Amino acid sequence: MPSFQSSTRVIPNASGVPRHIAIIMDGNGRWAKKRFLPRAAGHQRGVEALRETVKACRELDVKYLTVFAFSSENWRRPADEVSFLMQLFLKMLEREVAKLHENNICLKIIGDRSHFDDQLNRRIAEAEQLTADNTGLTLTIAANYGGRWDIMQAVRAMLRDKPELSGNFSELELEPYLSMHYAPEPDLFIRTGGEQRISNFLLWQMAYTELYFTDTLWPAFDREALQAAIRSYQSRERRFGRTSEQLRSGQAPEGKADA
Ligand code: IPE
Ligand code: IPE
Ligand code: MG
């Protein structure tokens, strides 16, 4: 498994197509409401938008796509919506995994699984196992995920493994325990639905991610919308703490490849 270095230690080589895109798929409820449909219909259409986005990412040669499907705070929603979302997740795993495997996609689920029922946890484990050796796109679904939960579980797991580090550890020692240790940090973050916030998504990993917000509601997000986000990303200057003049004069410390 490759190990990736953090943007606060090594300046990533970042240009062209983002290697890792992270998306908050927001706006399903509003999409449905506009059409006088129940919120569930919006979530259902959201799965189609995800399918299309996965396909576009493969074609555009994006290596990692990470999507926020259910946050640790989404349990606060009405019980029937929570249960619909869990069923939809289960169904998606049952229906889509064979196709993902055929397309050489490696599927990973991040988040606190302790609140999922046995059936869902079994499906998750099977899907991850089946697709583990695939070398195409890595698709990560964040389910019952929270950025703070991630950092806390990483600290706890590290100290369980290495109690001698208590009181004296570095980023380097913590990183292997974070949920996304298998991927480089996101280059581009997209949030659909018009809100401009992070909502407890990948807090640690987005230290230097380019942020892109669009009013498009998630069920309406398509290839063209993805390309617009990538174009915006490509127009930015990623300085990682350096000055613009340093970058232009070529005097800046080298952007060492971090793969
Ligand atoms: C995102 O859409 C999906 C989840 C959070 C599961 P929403 O359900 O948040 O849709 P809006 O924001 O209410 O429109
Ligand atoms: C963020 O969307 C979580 C997901 C898309 C899964 P929310 O709709 O839950 O976010 P807030 O509550 O508006 O911040
Ligand atoms: Mg929302």
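Among (1) touching a residue at least 60 places away in the same chain (Cβ under 8 Å); (2) over 15 Å from Arg113 (Cα atoms); (3) of a type in the set (A, V, I, L, M, F, W, C); (4) buried (at least 17 other Cβ atoms within 10 Å of the Cβ), which single condition is Leu172 missing?
With respect to (1) touching a residue at least 60 places away in the same chain (Cβ under 8 Å); (2) over 15 Å from Arg113 (Cα atoms); (3) of a type in the set (A, V, I, L, M, F, W, C); (4) buried (at least 17 other Cβ atoms within 10 Å of the Cβ), Leu172 is out only on (4).
So which residues in the stretch 94-109 are among the aliphatic types (A, V, I, L, M) and buried (at least 20 other Cβ atoms within 10 Å of the Cβ), if there are any at all?
Those that are among the aliphatic types (A, V, I, L, M) and buried (at least 20 other Cβ atoms within 10 Å of the Cβ): Leu100, Ile105, Leu107, Ile109.
Test each condition in (1) out of contact with any strand residue (DSSP E or B) (no Cβ under 8 Å at 6 or more places or on another chain); (2) crowded, with 16+ Cβ neighbours inside 10 Å; (3) farther than 30 Å from Gln246 by Cα for Asp26 and report the one that comes out false.
It is condition (1) that Asp26 fails.
A quick yes/no check of all residues on (1) in a loop (DSSP other than H, G, I, E, B); (2) closer than 18 Å to Gly194 by Cα; (3) within 16 Å of ligand 3 (Cβ to nearest atom):
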position	(1), (2), (3)
Gln5	yes, no, no
Arg9	yes, no, no
Pro18	yes, no, no
Arg30	no, yes, yes
Lys33	no, yes, yes
Gly46	no, yes, yes
Ala49	no, yes, yes
Val54	no, no, no
Cys57	no, no, no
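Determine the pairs where a residue that is of a type in the set (A, V, I, L, M, F, W, C), located within the stretch 72-98, has a partner that is outside any helix (DSSP H, G or I) with Cβ atoms under 6 Å apart, the partner being 6 or more residues away or on another chain.
Qualifying pairs under 6 Å: Leu85/Phe70.
Which pairs have Cβ atoms under 9 Å, sit 6 or more apart or on different chains, and link a residue in the stretch 131-156 that is over 29 Å from Gly167 (Cα atoms) to one that is of a type in the set (Lys, Arg) and in a strand (DSSP E or B)?
Sorted first by the residue in the stretch 131-156, then by its partner, the pairs are Thr131/Lys108; Ala132/Lys108; Thr138/Lys108; Leu139/Lys108; Thr140/Lys108; Ile141/Lys108.
Would you check if Gln153 is closer than 22 Å to Thr138 by Cβ and exposed (fewer than 13 other Cβ atoms within 10 Å of the Cβ)?
No: the conditions fail for Gln153.
Which condition number does Arg30 fail, the rest of (1) within 19 Å of Ile230 (Cβ to Cβ); (2) within 14 Å of ligand 2 (Cβ to nearest atom); (3) out of contact with any helix residue (DSSP H, G or I) (no Cβ under 6 Å at 6 or more places or on another chain); (4) of a type outside the set (Val, Ile, Thr) being met?
The single condition Arg30 does not satisfy is (1).
Condition first: within 14 Å of the chain's Cα centre (by Cα) and within 28 Å of Tyr177 (Cα to Cα). Can you find one or more residues in the stretch 70-77 that meet it?
yes
Give me a count of the residues in the stretch 203-220 that are surrounded by 19 or more Cβ atoms within 10 Å (Cβ to Cβ) and either over 17 Å from Ile21 (Cβ atoms) or among the hydrophobic types (A, V, I, L, M, F, W, C) (or both).
3
Read-outs: derived from the displayed coordinates by stated rules, not from any lab. Worth saying up front: this structure is predicted, and the values here are computed from it rather than measured. Neighbour counts run over all protein chains shown; Cβ positions are idealised from the backbone, glycine included.
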